[in-house]
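S.K.: So that we are looking at the same thing, I have put the structure below in structure tokens.
The values are calculated or read from the model by the stated rules, or taken from the named source; none is laboratory data. Quick caveat, the model's predicted, so the values are computed rather than measured. Cβ placement follows ideal geometry from the backbone for every residue including glycine, while neighbour counts extend to all protein chains displayed.
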């Protein structure tokens, strides 16, 4: 079974869900089943793409992101498996 993109060094990558609104990141890798990875890829969520978190909802609701001139709403559970590198000097929130 294929399990998404494989990346060995994940120390500098964080889940998309850890970004605050208006923070940017660059997609490092996506973890998940082949079906999920392919669907996200079809939507433009691929490694090395810049992504901006536009809106987050409370209680683990969907996350609205802007990627490749398109706005997408991604389920929280799926967004937890999209790992990004922070852009510029952005700070992440502590859990």
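S.K.: Considering every residue within the stretch 5-18, establish whether at least one is touching a strand residue (DSSP E or B) at 6+ places or on another chain (Cβ under 6 Å), at pLDDT 95 or above and not in a strand (DSSP E or B).
M.R.: yes
S.K.: Here is a further query. Sort out which residues of the stretch 35-63 are buried (at least 16 other Cβ atoms within 10 Å of the Cβ) and either free of Cβ contacts under 8 Å to residues at least 12 places away in the same chain or touching a helix residue (DSSP H, G or I) at 6+ places or on another chain (Cβ under 6 Å) (or both), and write them in order of number.
M.R.: Passing the criteria: only 63.
S.K.: Do you know which residues across the stretch 63-84 are assigned to a strand (DSSP E or B) and under 13 Å from residue 15 (Cβ atoms)?
M.R.: Hits for the stretch 63-84 are 63, 65, 74, 82, 83, 84.
S.K.: I need a count of the residues in the stretch 24-34 that are outside any helix (DSSP H, G or I), over 11 Å from residue 82 (Cβ atoms) and without any contact (Cβ under 8 Å) to a residue 60 or more places away in the chain.
M.R.: Counting residues in the stretch 24-34 that are outside any helix (DSSP H, G or I), over 11 Å from residue 82 (Cβ atoms) and without any contact (Cβ under 8 Å) to a residue 60 or more places away in the chain gives 1.
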